[in-house]
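Worksheet: one structure, shown below.
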Amino acid sequence: MSEDATSDTVHIKKDKKSRKHKQATDQVAVDNVETKGEKKKEKKSKSKKTPNDACEVVVKMVVDDPLGDGERRDKKEKKRKREAGDEQNAVELSSVKKEKKKRQKEEAEKEDKPTESGTVKKDKKKKRKKGEENGSTETDGPTRISDSSKSSAAVSHPTPSDAPSATEVNDFLTKHAITIHTPDDIDAVVPILSFSQLAIPSGLSSAFSGFKEPTPVQACTWPPALQGRDVVGIAETGSGKTLAFGLPALARILSSPPEKKGKSTVTTLVVAPTRELAIQTHDTLFALGAQYGIASVAVFGGVDKAPQVKTLANANKDGKITRIIVGTPGRILDLANDGVCDLSRVNYLVLDEADRMLDKGFENDIRAIISRTLQGAERQTMMFSATWPEAVRRLASTFQRNPVRVTVGSDDLTANSRVEQFVEVFDDVRDKDSRLLERLRSLSHKKISKKGSDEARILIFALYKKEASRVEGTLRRHGYDVGALHGDMSQSARMEALDKFKTGETGLLVATDVAARGLDIPNVGTVINYTFPLTIEDYIHRIGRTGRGGRTGRSITFFTGDNHERALAGELARVLRESGFDNAADGLKSFPMTIKKKTHGAYGAFFRDDITAAPSKIVF
């Protein structure tokens, strides 16, 4: 073969070689494009060849390639290197793209604008949709959390870390002469010595703003009351009993919302012996519940019941739901019998001043009222009293379930130790008017008071309505701005006089024993007993209008020894000596020191309490 032929053969081989190489390169490019398309559809950034694609290229090269094994090995080696380089470049390119997309996504989130990348847009839409769902959940969340916090606050107690030590508890109980009787099935009561230990909804803390610490009866009755247990509280007047049962009442209401939205469901009932005490308790509970949309209604006799019926008939009152009724026994039972006062859902019952209600002959009314409420374990019953006589014990054993009994001081009625007591004995009853004017001058009391005045008020007690009216007229003639409070006045006039006295617009108030119990009148510095009351209990309640809330006070008693007073001299001397005022008792030595047999307020001296134990179950 000639050199030209050999040269042509070489050129032909080179041409074939270049064509084959070009075909293989083109095929690789096509495969890479197809692979990238598939990867895009699957949202993957890597572009790798599948094993099948590689095999297909190799097969084509083997079939079409007429070259020797050595050259084929060289070609394969070069191809592997080229493919490895392409793959590395593709991985690097994919990493760069990922970083770029990440930066675009972050910038888009910061600027709250959509990015150019479709994937980022979809991710952002998903994220936004998820955020909206989370946002709606968070919007609903606080309401539920708030409700649950209220519910837990209603029944929670101080945590062990917040609870006082055993030494602090013993010192507190000893200092205030407190006795706590607990049933066998519960742990000992740990008093709440600081308001910070009281776990209640924050809004209720406004009730004790301005007070440093709970009163003894509050400290010991709040823990069991917030646990839902029945409680009996025995304490002197002015000891903070209204908040002792008021805070647990509101906490219980907040933990049990009405069954139907906007529907009035009365669940709390407070029974009080007098109109004035009922109105005072109503005002306190109404102020506490207003921030939560909870309303209280006061019902009492002596006024037209039509407005009270109208109020009870309305589900809402000024946008609030009526959940509390406060009233006197007679009017509550009257409205219940008329069908306008539904007590069937009452699960929190309070009997305030229980001993006085029983003394006034309200026992049958009270029993009829209780029979209309929820029974047994469904009802929590709170009973507060200044004394613990047999009649009150019998009532408690009938309607309460293993109550915790807290006694501050003694079970018997005792005078407030913070009230300084003076007794002035008269030989002639006609000297009392001049002595009263003299005492007012010695107390430097201003004849005309201004509303909001901080001057200590003076409360003058008369025995009869006519006497109160006469004393009021005497003081007016001597230039004093004075108010009156007695049974011959209309309810509106009584409330007006009481409001003026509370605000300081009137610094003097002449009242009968209708104002002797339960009323919380601020800043009463002195109580004057113009005529001694019919019982020693009323005397103690009268002087209890001063020295309230931990303050000190003064009482001045005019004693003549006429009529009923002579028989009560021995009882008065005993109270004075027990309170540490022996000098005041010395002025009574001219009178008999015998102690009259105690009589019942409704049945007189012929009353005998012969029921000494709870009723027993009769099995047939």
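Only residues that are of a type in the set (Lys, Arg) and either modelled with pLDDT of 90 or more or crowded, with 22+ Cβ neighbours inside 10 Å (or both) were counted in the range 236-274, giving 2. Tell me, yes or no, whether the range 457-477 has at least one residue that is in contact with a Phe, Trp or Tyr (Cβ under 7 Å, 6 or more places away or on another chain), under 18 Å from Gly525 (Cα atoms), of a type in the set (D, E, K, R) and assigned by TED's automatic domain parsing to the domain that holds Thr552. Yes, the range 457-477 contains a residue that is in contact with a Phe, Trp or Tyr (Cβ under 7 Å, 6 or more places away or on another chain), under 18 Å from Gly525 (Cα atoms), of a type in the set (D, E, K, R) and assigned by TED's automatic domain parsing to the domain that holds Thr552.
Considering (1) within 21 Å of Arg548 (Cα to Cα); (2) surrounded by fewer than 24 Cβ atoms within 10 Å (Cβ to Cβ); (3) modelled with pLDDT of 90 or more, the lone condition that Gly228 does not fulfil carries the number (1). When we screen Asn364, Asn347, Asn416 for residues that are touching a residue at least 12 places away in the same chain (Cβ under 8 Å) and more than 23 Å from Gln280 (Cβ to Cβ), the only hit is Asn347.
Checked against the criterion of being within 28 Å of Thr267 (Cα to Cα) and either crowded, with 23+ Cβ neighbours inside 10 Å or small (Gly, Ala, Ser) (or both), the candidates Pro183, Pro214, Pro201 yield just one match: Pro214. Restricting attention to the range 476-494, the residues that are touching a Lys or Arg at 6+ places or on another chain (Cβ under 9 Å) and closer than 29 Å to Phe300 by Cβ total 11. Please verify whether Ser206 is within 16 Å of Leu285 (Cβ to Cβ), modelled with pLDDT under 90, in a loop (DSSP other than H, G, I, E, B) and out of contact with any Pro (no Cβ under 6 Å at 6 or more places or on another chain), treating the condition exactly as stated. Criteria not met by Ser206. Please determine whether any residue of the range 559-572 is closer than 17 Å to Leu437 by Cα and assigned by TED's automatic domain parsing to the domain that holds Asp431. The answer is yes; a qualifying residue exists.
Annotation: Gly233 fulfils all but one of (1) of a type outside the set (D, E, K, R); (2) at pLDDT 90 or above; (3) over 30 Å from Asn364 (Cβ atoms); the unmet one is (3). Consider the range 421-436 and keep the residues that are closer than 21 Å to Gly479 by Cα and touching a helix residue (DSSP H, G or I) at 6+ places or on another chain (Cβ under 8 Å). The one that is surrounded by the most Cβ atoms within 10 Å (Cβ to Cβ) is Leu436.
Quickly run through the range 310-339 and pick out the residues that are hydrophobic (A, V, I, L, M, F, W, C) and surrounded by 15 or more Cβ atoms within 10 Å (Cβ to Cβ). Answer for the range 310-339, where residues must be hydrophobic (A, V, I, L, M, F, W, C) and surrounded by 15 or more Cβ atoms within 10 Å (Cβ to Cβ): Leu312, Ile321, Ile324, Ile325, Val326, Ile332, Leu333, Leu335, Ala336.
Being crowded, with 22+ Cβ neighbours inside 10 Å and out of contact with any strand residue (DSSP E or B) (no Cβ under 7 Å at 6 or more places or on another chain) holds for only one residue in Arg517, Arg477, Arg457, and it is Arg517. Of the residues making up the range 163-180, those that are surrounded by fewer than 14 Cβ atoms within 10 Å (Cβ to Cβ) and in a loop (DSSP other than H, G, I, E, B) are Ser165, Ala177.
Within the range 186-198, the residues that satisfy the criterion of being closer than 26 Å to Gly376 by Cα and surrounded by fewer than 14 Cβ atoms within 10 Å (Cβ to Cβ) are Ile186, Asp187, Ala188. A search for C-beta distances below 7 Å between a residue of the range 530-550 that is closer than 12 Å to Val419 by Cβ and any residue that is at pLDDT 90 or above and among the basic types (Lys, Arg), counting only pairs 6+ apart in sequence or on different chains, returns Thr546/Arg554.
The values are calculated or read from the model by the stated rules, or taken from the named source; none is laboratory data. The structure displayed is predicted, hence computed values, not measured ones. Because the Cβ atoms are built from the backbone with ideal geometry, glycine has one as well, and the counts that use them run over all protein chains shown.
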